[in-house]
Amino acid sequence: PRFETCWPALMKDSHGVVIVFNPELPSHLKEMEMWHSCFVQQQPLLDSQCLLVAHHKPGSAGDTDNLSLAYPLNKHKLIHSNLEEDPEDVRMEFMKYFRNIITFINESREREEMSIIS
């Protein structure tokens, strides 16, 4: 909230949003709703353009199977990151997400070019 005046500049022409949170902190789950509202819904972005990352600190005993998010957060891809145990899996998920964003950008550009031509 301290940098709220900068948010419009951060959002301008953005094609994707990654929200990283600590699932063990109830306050983070509440803050996620605010970030989602400001950065995803107000633009608006497609579900596939938002990635949620539940980051588990080293040594935490977080339950990765039973994290349920309320609507509209539950529409987005959710990955669990534990860089101590499985960093490669997190890297692969990010790569998939970025490939989706690039595909979306290319398709949008093609549609725009076709609309100019016709």
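The values are calculated or read from the model by the stated rules, or taken from the named source; none is laboratory data. On a predicted model such as this, the values are computed, not experimentally measured, just so you know. Neighbour counts run over all protein chains shown; Cβ positions are idealised from the backbone, glycine included. Note: areas computed on protein heavy atoms with side chains; ligands, DNA, RNA excluded. Shrake-Rupley method; radii C 1.70, N 1.55, O 1.52, S 1.80 Å.
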Task: Solvent-accessible area of His36 with every protein chain in place, 1.4 Å probe, in Å² to the nearest 10 - done: 10
Task: For the chain, calculated [θ]222 nm from helices alone, where every DSSP H run of n ≥ 4 adds -39500 (n - 2.57) - done: -13000 deg cm²/dmol
Task: the chain - Kirkwood radius from inverse mean 1/r over Cα pairs (Å) - done: 15.9
Open item on the list: Just to confirm the number: angle between the C-alpha axis of helix 87-117 and the first principal axis of the chain, 0 to 90 degrees, nearest 10?
Closed with: 20
Task: lysines whose Cα lies under 26 Å from that of Lys96, excluding same-chain neighbours fewer than 8 positions away - done: Lys12, Lys57, Lys75, Lys77
Task: Percent carbon-and-sulfur accessible area, the chain, ignoring ligands, DNA and RNA, probe 1.4 Å - done: 56
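Heavy atoms only, probe 1.4 angstrom, no DNA, RNA or ligands counted: give me Glu85, Glu113 ranked by accessible area, highest first.
Values: Glu85 145, Glu113 95 Å².
Descending accessible area places them as Glu85, Glu113.
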Task: Point-charge dipole on Cβ atoms (K/R +1, D/E -1) for the chain, about Cα centre, debye to 20 - done: 360
Task: Selection from Gly16, Ser68, Ser115 lying farthest towards where the dipole of the chain points positive, charges on Cβ - done: Ser115
- [ ] Mind checking the per residue accessible area of segment 34-118 for me, 1.4 Å probe, whole number of Å²?
- [x] 69
